[in-house]
Amino acid sequence: MKPKGLFYYINAGKRSIKWHQQNIQQIKKCRFDTIAVHGIYSLQEALDFNQGSIIEPLYLSTSQAYRDSDEMEAALSYQIPTWCYSRIANPTVYYLEGVLALLESYGTNVDASCCATSSGMAAIQSAVEPFLVENKKKPNQPINFVATCQVYGGTYQLFSVRKDVERNIEWRKVVNSNNIREWESQIDENTRFLFGEMPSNPSQAFFDLEKVAALAHKHNIPLIIDSTVATPALLRPLAHGADIVVQSVTKSMTSSGFCIAGAVIARKNLTTNINNNQLKADFCAYLKQLPNRDTGPNLSPMSALLALSDLRTLRPRMDQLSRNTMKVATFLESHKQVEKVEYLGLKSHPLNRLASKYMHLVDAEHDDLYGKKVNRYGHLMSFCVKGTHQDTRKVFDALQRIWRATDLGRIKSVATIPTISTHAQQGEEGRKLACIPPNLIRLCVGAEHPDDVINDLNQALAVLKGKKHHITSPEFSAGGASSARMRK
């Protein structure tokens, strides 16, 4: 076969990029639900390349073959689009990245891109690490970053141990994240970024996103937001000035619980005091082509396809879970055995008014069900049992319908005690800073009928009145189904 030449492939690559960009501009004109259902996978692409497959194909191949040495050279020098190796890029993962970038930037003029990762923690590590480098113009200066205390336990460990203790990169903690002066007091010329989780897991911390974004940009640094609990169905931080959004796609986005996945979604031409033009221009492309190529936190194609499947119903699902959680939170707020309920949707919550400014069900004003803007606050809440830590464990152990697990965002209701699970490693002092007392139960309400969730909570809380707890099915008591089979 006669070689086609390097420029033949480069020009073909340019035509391919142009076509894909045009396709993305067309899908951008659609509503949120349409984008979630179709993503960037088009009818033309299905007919031309994928045997007419309606659903995005699963590409399990680890690498891509090339027609000749010219095409290989053009691909591996990143002069043309390529799936050269699935650690760097894969077609199925590309479809997931495309739809996530569109959903996070929906309703804005922001041009965003996405880098999918193997987990939510891989996404956070990928998002923060490129900024934690020395300023070559000012060498030997100790660098720092500013982040809220109210973060997921894994994030707390990453910041406090992996960065602060092991690498001497100072984490400057913001205790009251809704105090803009506290944020500003922590920033200096060696600060690399601001980071916040909203709503936070499990304490429901929240802050004025626009003000914190403006503060970050005033100091020429990016704002990174973990928006896992809200998802773009309820909150899109890029629309309010954030530079980077991280998602544990494992959680709210993929409620089935079938896969572990994460994502970094970033605006192009972001704000930073790092002198790296490629990083600034397209942060996620930079991640995929350079740092993550070398460290390898790539997402598997199978997980990408499972995530794509769940994403198609994101908006109606988050609506239902939010409404269910509101009903459960209202019940718990009036229960005699409950000391306190943390849920942003409750009017009694001190941050309800602020959360209501930002958290809305996307496109509610355009559908027949609502026809107006409506607030929705997500599926995560927590409540404090009126009693000791041991009383809390008794209530927790008495749950029959709600699953005891460390997961969240599931289609089934799940609960945990953070002090002995998700936030155990950060220690008592760290939990006090994050407002996580030992009598707190985190509850993520699922898609069951809320009355059944309420009934389970009611019978579990009844143990504090001296009532005995009875497991309805002995086969699924301690030891589980395997024990039952052994007895047989």
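The values are calculated or read from the model by the stated rules, or taken from the named source; none is laboratory data. Since we're looking at a predicted model, the values are computed, not measured. FYI the Cβ positions are ideal-geometry reconstructions off the backbone, even for glycines, and counts take in every protein chain you see.
Please find, among G480, G409, the residue that is at pLDDT below 95, surrounded by fewer than 14 Cβ atoms within 10 Å (Cβ to Cβ) and not assigned by TED's automatic domain parsing to the domain that holds P199.
G480
For region 46-62, indicate whether the set of residues that are surrounded by 17 or more Cβ atoms within 10 Å (Cβ to Cβ), not assigned by TED's automatic domain parsing to the domain that holds G296 and not in a loop (DSSP other than H, G, I, E, B) is non-empty.
There is no residue in region 46-62 that is surrounded by 17 or more Cβ atoms within 10 Å (Cβ to Cβ), not assigned by TED's automatic domain parsing to the domain that holds G296 and not in a loop (DSSP other than H, G, I, E, B).
In region 9-32, what residues are under 17 Å from A75 (Cα atoms) and in contact with an Asp or Glu (Cβ under 7 Å, 6 or more places away or on another chain)?
Hit for region 9-32 is Y9, nothing else.
Quickly run through region 154-178 and pick out the residues that are within 17 Å of Y358 (Cβ to Cβ) and out of contact with any strand residue (DSSP E or B) (no Cβ under 7 Å at 6 or more places or on another chain).
Within region 154-178, N178 is the sole residue that qualifies.
Just to be sure, is R267 in contact with a Ser or Thr (Cβ under 7 Å, 6 or more places away or on another chain), basic (K, R), touching a residue at least 24 places away in the same chain (Cβ under 8 Å) and over 19 Å from E56 (Cα atoms)?
No, not satisfied.
Please go through region 318-353 and pick out each residue that is within 20 Å of M198 (Cβ to Cβ), in a helix (DSSP H, G or I) and either of a type outside the set (S, T, Y) or at pLDDT below 95 (or both).
Passing the criteria: M318, D319, L321, M326, A329, N352, R353.
Pairs needed: first member in region 51-64, closer than 14 Å to S300 by Cβ; second member anywhere, at pLDDT 95 or above and assigned to a loop (DSSP other than H, G, I, E, B); C-beta distance under 6 Å; at least 6 residues apart or different chains.
Close Cβ pairs (under 6 Å, with a partner that is at pLDDT 95 or above and assigned to a loop (DSSP other than H, G, I, E, B)) amount to Y59/N90.
Among the listed residues V110, V93, identify the single one that is of a type outside the set (S, T, N, Q) and crowded, with 22+ Cβ neighbours inside 10 Å.
None of the others qualify; the one that does is V93.
E129 - would you say it is under 30 Å from R31 (Cβ atoms), part of a helix (DSSP H, G or I) and either among the polar types (S, T, N, Q) or touching a residue at least 40 places away in the same chain (Cβ under 8 Å) (or both)?
Spelling it out, it is not the case that E129 is under 30 Å from R31 (Cβ atoms), part of a helix (DSSP H, G or I) and either among the polar types (S, T, N, Q) or touching a residue at least 40 places away in the same chain (Cβ under 8 Å) (or both).
If you scan region 193-238, which residues turn out to be part of a loop (DSSP other than H, G, I, E, B) and among the charged types (D, E, K, R)?
D208, R236
Just checking, which of S77, S86 is under 27 Å from V245 (Cβ atoms) and out of contact with any strand residue (DSSP E or B) (no Cβ under 6 Å at 6 or more places or on another chain)?
Only one candidate qualifies: S86.
Looking for something at pLDDT below 95, crowded, with 17+ Cβ neighbours inside 10 Å and of a type in the set (A, V, I, L, M) - is there at least one such residue anywhere in region 413-428?
Scanning region 413-428 turns up no residue that is at pLDDT below 95, crowded, with 17+ Cβ neighbours inside 10 Å and of a type in the set (A, V, I, L, M).
Taking the criterion of being in contact with a Phe, Trp or Tyr (Cβ under 9 Å, 6 or more places away or on another chain), outside the structural domain of A304 (by TED's automatic domain parsing) and either loosely packed, with under 12 Cβ neighbours inside 10 Å or more than 23 Å from D294 (Cα to Cα) (or both), would at least one residue in region 70-79 satisfy it?
Scanning region 70-79 turns up at least one residue that is in contact with a Phe, Trp or Tyr (Cβ under 9 Å, 6 or more places away or on another chain), outside the structural domain of A304 (by TED's automatic domain parsing) and either loosely packed, with under 12 Cβ neighbours inside 10 Å or more than 23 Å from D294 (Cα to Cα) (or both).
On the given criteria, is I260 over 22 Å from S200 (Cβ atoms), among the hydrophobic types (A, V, I, L, M, F, W, C) and touching a residue at least 40 places away in the same chain (Cβ under 8 Å)?
No.
Quick test for you: out of E210, E197, E182, E166, pick the one residue that is under 20 Å from C435 (Cβ atoms), among the charged types (D, E, K, R) and out of contact with any Ser or Thr (no Cβ under 9 Å at 6 or more places or on another chain).
Criteria check complete, one pass: E182.
Considering region 400-453 alone, what residues qualify as being free of Cβ contacts under 8 Å to residues at least 60 places away in the same chain and on the phi > 0 side of the Ramachandran plot?
Selection gives G427 alone.
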